[in-house]
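> This is the structure I have questions about; it appears just below.
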Amino acid sequence: MSVQSHYDNHLAAFYAWMTGNFDVKQQEQEAYFVRKEVIPSGNAVAIDLGAGHGLQTVSLARLGFTVYAVDFNQHLLSELNARVKGMPVRTILANLTHTAQYTMPAELIVCMGDTLTHLDSAEQIASLFREWQQMLSSGGKLVLSFRDLTPELKHDERFIPVRADDERIHTCFLEYFPGFVRVFDLLQEKVNGQWIQKVSSYQKLRLGIEQVKIMLTAAGFTVQDHEVIARMHYLVAVRQNA
Ligand SMILES: C[S@@+](CC[C@H](N)C(=O)[O-])C[C@H]1O[C@@H](n2cnc3c(N)ncnc32)[C@H](O)[C@@H]1O
């Protein structure tokens, strides 16, 4: 199954429930941007790639950016739209690998919440880094957050409880291959008093943090900051001056 079908047919419907309280998660993202001084200083245009239901988009809009939120899943973009009434946000339903659909001068591009690992290959990401570098103004920033899936979980560790309540249980199962992990999202849901199980899977890239830093430097960025928060690597990269 492709990543897009996985979201369209399975994960998007319960993504918001899976991530938990929106306001709490959004405030964590906003606090991160403030701590790293990711605030408007140029044309105030930010592009949020793989925006989902809006954790980063809402944070950036609240900090004064005009945000273009790009995602290929309509369900999640509709949830995002419902949250940003009155805010300077535009949604773009597009595959983020098709840069022509969102190319514009920007001072900030973010691709966060593990979206990077959803892409096809490290080569594709290296090429996107070069295109994003061209889109950014001098001194513009690229902010990434992703999981380094290069260390392999073994045996029972591969069964990850994500969230459970009286009506739903979500578990992830990970199967490791060279270069990628197959992620199974198991959802058990109570329908008319009966537990129904739905399973769907997709591939995530095993991107090493040092590999990503090397790719950023090769594309013309300087890595300004690296922090690990809840096992997620957060990077702030700045476009080098020509
Ligand atoms: C793990 S979610 C992260 C969402 C959000 N940034 C967050 O932190 O909650 C990944 C998002 O990227 C989107 N996505 C994955 N691959 C994409 C692609 N090639 N083009 C556009 N959107 C993509 C998915 O639809 C999903 O909304």
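> What strands (runs of 3 or more DSSP E) completely inside segment 120-211 contain at least 1 residues that are over 28 Å from residue 236 (Cβ atoms) and in contact with an Asp or Glu (Cβ under 9 Å, 6 or more places away or on another chain)?
168-177, 180-191, 194-205
> So is residue 124 open to solvent by 70 Å² or more (accessible area, probe 1.4 Å), within 17 Å of the chain's Cα centre (by Cα) and within 15 Å of the ligand (Cβ to nearest atom) or not?
On the way: open to solvent by 70 Å² or more (accessible area, probe 1.4 Å): no; within 17 Å of the chain's Cα centre (by Cα): yes; within 15 Å of the ligand (Cβ to nearest atom): yes.
It is false that residue 124 is open to solvent by 70 Å² or more (accessible area, probe 1.4 Å), within 17 Å of the chain's Cα centre (by Cα) and within 15 Å of the ligand (Cβ to nearest atom).
> Mind listing whichever residues of segment 75-109 are aliphatic (A, V, I, L, M), closer than 19 Å to residue 128 by Cα and open to solvent by less than 60 Å² (accessible area, probe 1.4 Å)?
Result: 92, 94, 96, 104, 106, 108, 109.
> Could you tell me which of the residues 32, 7, 15 is farther than 30 Å from residue 137 by Cβ, within 13 Å of the ligand (Cβ to nearest atom) and open to solvent by less than 40 Å² (accessible area, probe 1.4 Å)?
On the way: 32 fails: farther than 30 Å from residue 137 by Cβ; 15 fails: open to solvent by less than 40 Å² (accessible area, probe 1.4 Å).
Answer to the selection: 7.
> Just need a number here: residues in segment 35-48 that are open to solvent by less than 40 Å² (accessible area, probe 1.4 Å) and out of contact with any strand residue (DSSP E or B) (no Cβ under 7 Å at 6 or more places or on another chain).
So the answer is 0.
> Okay, moving on. Select from segment 64-85 the residues that are charged (D, E, K, R) and near the ligand (Cβ under 9 Å from one of its atoms) and list them in ascending order.
First pass over segment 64-85, keeping only residues charged (D, E, K, R): 71, 79, 83, 85.
71, the sole residue that qualifies.
> Also: Report the residue count in segment 108-128 for those that are more than 18 Å from residue 60 (Cβ to Cβ) and in contact with a Leu (Cβ under 6 Å, 6 or more places away or on another chain).
Of the residues in that region, 2 qualify.
> Go through segment 64-74 and count every residue that is surrounded by 17 or more Cβ atoms within 10 Å (Cβ to Cβ) and outside any strand (DSSP E or B).
The qualifying residues number 3.
> Could you list all residues from segment 165-189 that are over 20 Å from residue 207 (Cα atoms), surrounded by fewer than 15 Cβ atoms within 10 Å (Cβ to Cβ) and in contact with a strand residue (DSSP E or B) (Cβ under 7 Å, 6 or more places away or on another chain)?
Hit for segment 165-189 is 167, nothing else.
The values are calculated or read from the model by the stated rules, or taken from the named source; none is laboratory data. Keep in mind that what you see is a predicted model, and the values were worked out from it rather than measured. Heads up, the Cβs are rebuilt from the backbone with ideal geometry, glycines too, and the neighbour counts pull from every protein chain shown. Ligands, DNA and RNA are excluded from the accessible area calculation, which covers all protein heavy atoms including side chains. Shrake-Rupley method; radii C 1.70, N 1.55, O 1.52, S 1.80 Å.
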